[in-house]
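None of the figures in this text is laboratory data; all of them are computed from the coordinates on show. Remember, it's a predicted structure, so these values are computed and weren't measured experimentally. Every residue, glycine as well, gets a Cβ built from its backbone with ideal geometry; the counts of neighbours run over all protein chains shown.
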């Protein structure tokens, strides 16, 4: 299962090259293996992909990666990042609604 998750993550995210990206990759893989965490962590990763690929805000991507790997509450971190960026895409609005419902 771990290998499959790693492969899918790399297909969508690209190679995890920096130490921070590798720490995030391990954290995501660890949490995606836990049934109760899957939807949340898949959503956090969708937010990263939206910021990286569509909004092209690499500063926010790095902030999100850092804060999530620094053991902050992922829901709070994601909502903070979304508010900083603003609701500049329908996908960000959808992800924010989804994250609000995790609590």
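Distance from the alpha carbon centroid of region 55-103 to that of region 32-51 works out to 11 angstrom. Checking the a/c ratio against 1.5 first, then a/b against b/c, what shape does the Cα gyration tensor give for region 35-88? It comes out prolate by the Cα gyration axes. Each label was represented as a point 7 Å from its Cα along the Cα-to-Cβ direction; for residue 102 and residue 26 these points are 2.1 nm apart. The modelled label-to-label distance for the pair residue 89/residue 35, using points 7 Å beyond Cα in the direction of Cβ, is 3.3 nm.
Tell me the label only: which of [x] 34, 28, 23; [y] 68, 37, 26; [z] 63, 28, 25 is Cα extents along the principal axes in Å as calculated from this structure? Answer by label: [x]. The angle between the Cα long axis of helix 74-85 and the longest principal axis of the Cα atoms of the chain comes to about 50 degrees, rounded to the nearest 10.
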